[in-house]
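Notes to accompany the following structure.
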Amino acid sequence: MIADVYIELKEGVADPEGEATLKALRLLGFKRVKNVSSVKVFRIELEAKSKEEAEKEIAEMCEKLLANPVIQKYSIKWLD
């Protein structure tokens, strides 16, 4: 099973990378860009008996390592 895990900042948390990219795009003439947010994606391939088991394991990975639960949220998209 293969899943893409998206890690992004929670609402209200400053995103300096996104803000700097927005500023740079506008300086380059892309005036219609309204917002830029940084998102990290991990592609994880694992063996599991079921999608539920795999999703539980990936959630544990996110909570223990991949995401900082104080400032970040995660979502899982399956690539079947």
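The values are calculated or read from the model by the stated rules, or taken from the named source; none is laboratory data. It should be emphasised that the depicted structure is a prediction, and the values quoted were computed from it without experimental measurement. Heads up, the Cβs are rebuilt from the backbone with ideal geometry, glycines too, and the neighbour counts pull from every protein chain shown.
Taking every residue in region 32-58 that is at pLDDT 95 or above and assigned to a loop (DSSP other than H, G, I, E, B) and pairing it with any residue that is hydroxyl-bearing (Ser, Thr, Tyr) and surrounded by 10 or more Cβ atoms within 10 Å (Cβ to Cβ), at least 6 positions away or on another chain, the pairs with Cβ-Cβ distances below 6 Å are VAL36/THR21.
Being small (Gly, Ala, Ser), part of a loop (DSSP other than H, G, I, E, B) and within 18 Å of the chain's Cα centre (by Cα) is the filter; apply it to region 7-30 and report the residue that is surrounded by the most Cβ atoms within 10 Å (Cβ to Cβ).
Taking region 7-30 first, the residues small (Gly, Ala, Ser) are 12, 14, 18, 20, 24, 29.
Of the ones still in play, those that are also part of a loop (DSSP other than H, G, I, E, B) are 12, 14, 29.
The next check asks that each one be within 18 Å of the chain's Cα centre (by Cα); those that pass are 12, 14.
Working: GLY12: 6, ALA14: 9.
Here the residue is ALA14.
Give me the residue from region 31-80 that is of a type in the set (Gly, Ala, Ser) and within 16 Å of ILE7 (Cα to Cα) and, out of that set, surrounded by the most Cβ atoms within 10 Å (Cβ to Cβ). If you could, list the steps in order and put the result at the bottom.
Looking only at region 31-80, we keep the residues that are of a type in the set (Gly, Ala, Ser), and these are 37-38, 48, 50, 54, 59, 67, 75.
This time we only want the ones that are within 16 Å of ILE7 (Cα to Cα), so: 37-38, 59, 67, 75.
On the way: SER37: 12, SER38: 14, ALA59: 15, ALA67: 22, SER75: 11.
The selected residue is ALA67.
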